[in-house]
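Dropping the structure in here first, questions after.
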Amino acid sequence: SEVSDYLSGLMIGAEIRSVLGKQAANDALSLTICGNKELSSRYTRALNIFGIDQVRELQGTAPRGIWAVASAQRRLQTVSV
């Protein structure tokens, strides 16, 4: 468990560094992240360490996204009860 947490932290840190390396040093960043609660929390903590304090976490986006795609493609059916 500790090894997987450590490796997760390394991966998150490397990902954030790769994105921040493309930003100008004085650019203010405000980020929105989505994912499960535990992973979003890890990203938020890591982003705070990198000085990014404006992080918004979205939860439950997968079901809403599937619904939006199905609606857009008219794939929804009404069910009579």
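The values are calculated or read from the model by the stated rules, or taken from the named source; none is laboratory data. Please read these numbers as outputs of a predicted model, since none were measured by experiment. Don't worry about glycine lacking a Cβ; one is built from the backbone with ideal geometry, like all the others, and counts go over all protein chains shown.
Rundown of residues vs (1) surrounded by 10 or more Cβ atoms within 10 Å (Cβ to Cβ); (2) touching a helix residue (DSSP H, G or I) at 6+ places or on another chain (Cβ under 9 Å); (3) modelled with pLDDT under 85; (4) on the phi > 0 side of the Ramachandran plot, yes/no style:
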{"site": "12", "(1), (2), (3), (4)": "yes, yes, no, no"}
{"site": "17", "(1), (2), (3), (4)": "yes, no, no, no"}
{"site": "23", "(1), (2), (3), (4)": "yes, no, yes, no"}
{"site": "73", "(1), (2), (3), (4)": "no, no, no, no"}
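Still on this structure: For the stretch 1-55, which positions are outside any helix (DSSP H, G or I), under 29 Å from residue 65 (Cα atoms) and hydrophobic (A, V, I, L, M, F, W, C)?
Let us first name the residues in the stretch 1-55 that are outside any helix (DSSP H, G or I), namely 1, 21-36, 50-55.
With under 29 Å from residue 65 (Cα atoms) added as a condition, the list becomes 22-23, 28-36, 52-55.
Listed by number, the residues that qualify are 28, 29, 31, 33, 34, 52, 55.
Where the second residue is small (Gly, Ala, Ser) and the first is part of a helix (DSSP H, G or I) and lies in the stretch 58-69, which pairs have Cβ atoms under 9 Å and are six or more apart or on separate chains?
Here the result reads 61/35, each pair linking the stretch 58-69 to a residue that is small (Gly, Ala, Ser).
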